[in-house]
Amino acid sequence: MIDFNNLSVDNSSVIPLYKQVSQILTEQIKNGNLLSGEKIPSELELMKAFHVSRITIRGAISEMVDDGLLQRHQGKGTFVSNQQEKYELNDILGLTAACKRTGKTITSKVLSIGKGYLTKKESKFLGVPDSEPIIEITRLRYIGDVPTLIETIHFPNEYSFLYNEDLTQSLFSILQVHNLTVHNSSRTLSIAYANGAEAKLLNIHSNTPLLLFKDYQNNQYNKPFFVSKQLYNTQNMVFYL
């Protein structure tokens with residue numbers, strides 16, 4: 001059981017509040033105060049305990065869901081995860097090349113490029129502290145004229161040339177111009193459910209099941225390169241799989 005008397009965030013810290021909450025709750029799981037399969041306190045209870053907004057709590061929970069520490073169950077709440085089975089797939093060529101092989105056209109709309117933060121698992125892979133902001137690119141990708149996936153990619157700050165590139169184009173092609181290629185990758189697959197913003201972008205209903213791919217990519221020197229998350233509209237994925 002969580003000790004609510006020891007929950008606090010530092011409003012003067014450069015670390016975002018949602019990440020501080022995520023770090024504290026992660027420690028609660030590691031210390032056994034939250035057990036596998038146990039339902040965590042409600043958003044309102046956590047808001048009162050941490051003295052933060054609902055947006056902050058939701059950001060913290062989303063990060064922990066991304067890391068596989070928590071699971072959302074529709075209509076029931078959020079629970080501490082059991083160890084999930086993982087399925088590894090490779091994505092060496094990139095989606096653009098895969099679409100070309102099937103005669104499909106793909107276009108991209110850049111939703112944002114700026115600074116973002118990694119989850120603990122992602123930061124461990126890239127060797128970057130999760131409190132350090134790095135390059136974050138978010139794109140909406142269309143296959144044909146159908147909005148099919150939302151892609152979020154994180155690069156270490158050493159790849160700042162990306163700020164000056166046309167990211168509506170194939171990312172793998174852009175990297176090749178800079179003599180950078182993906183050498184190998186690790187991919188996990190799970191199911192997620194579209195929130196309001198994601199549903200609007202993909203032109204689907206909220207809570208529609210989506211395929212969630214997470215990629216951990218190494219470059220040709222076998223060094224950690226970037227991490228990415230892709231949310232696919234499952235209604236348009238038969239040709240891809």
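A short reminder: the numbers here are calculations on the coordinates, not readings from a lab. All of these numbers come straight from a predicted model, not from anything done at the bench. Cβ sites come from the backbone with ideal geometry, for glycine too, and all protein chains shown count toward neighbours.
A compact table of results
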| item | result |
| --- | --- |
| Extension gain (nm, one decimal) between Glu136 and Gln71, 0.36 nm per residue minus Cα-Cα | 21.0 nm |
| Amide H partners (placed H, <5 Å) of Phe226, local residues excluded | Gln217 |
| Extent along principal axes [Cα atoms of the chain; Å; largest to smallest] | 57, 37, 29 |
| Calculated FRET efficiency for the pair Lys200/Asn33, C-beta based, R₀ 35 Å, to 0.05 | 0.40 |
| Highest-MSF residue in the chain out of Asn184, Asn207, Asn218 [GNM, Cα springs under 10 Å] | Asn207 |
| Whole-Hz ³J(HN,Hα) from phi, Karplus 6.51 cos²θ - 1.76 cosθ + 1.60, for the range 200-205, glycine and proline x | 5, 5, 8, 6, 9, 7 |
| Gain on full stretching of the segment that runs from Ser13 to Glu165 - 0.36 nm per residue minus C-alpha separation | 51.5 nm |
| Extension gain from Tyr193 to Val146, taking 0.36 nm per residue of separation minus the Cα-Cα distance | 15.1 nm |
| Phi to ³J(HN,Hα) by Karplus 6.51 cos²θ - 1.76 cosθ + 1.60 over the range 157-163, Hz, x for Gly, Pro | 5, 5, 9, 5, 4, 5, 4 |
| Phi-based couplings in Hz for the range 20-31 (Karplus 6.51, -1.76, 1.60; Gly and Pro marked x) | 5, 5, 4, 5, 5, 5, 4, 5, 4, 5, 4, 7 |
| Helix 54-66 axis, angle to the chain major axis (alpha carbon atoms, nearest 10°) | 60 degrees |
| P(r) weight above 17 Å for the range 4-80, C-alpha pairs, percent | 39 percent |
| Label zone at Gln176 (point 7 Å along Cα-to-Cβ), backbone N below 18 Å, the range 206-232 | 218-221 |
| Viscosity 1.306 mPa s, temperature 10 °C, Stokes-Einstein D of the range 95-236 from Kirkwood C-alpha radius, µm²/s | 101 µm²/s |
| Within a Gaussian network of the chain (alpha carbon springs, distance under 10 Å), most fluctuating of Phe161, Phe226, Phe172 | Phe161 |
| 15 Å reach of a label modelled at Ser186, 7 Å along Cα-to-Cβ, counting backbone N of the range 110-134 | 119-128 |
| Amide H contacts under 5 Å for Thr208, placed H, 5+ residues apart | Ala194 |
| Helical contribution to [θ] at 222 nm, DSSP H n ≥ 4, -39,500 (n - 2.57), averaged over the chain, rounded to 500 | -7500 deg cm²/dmol |
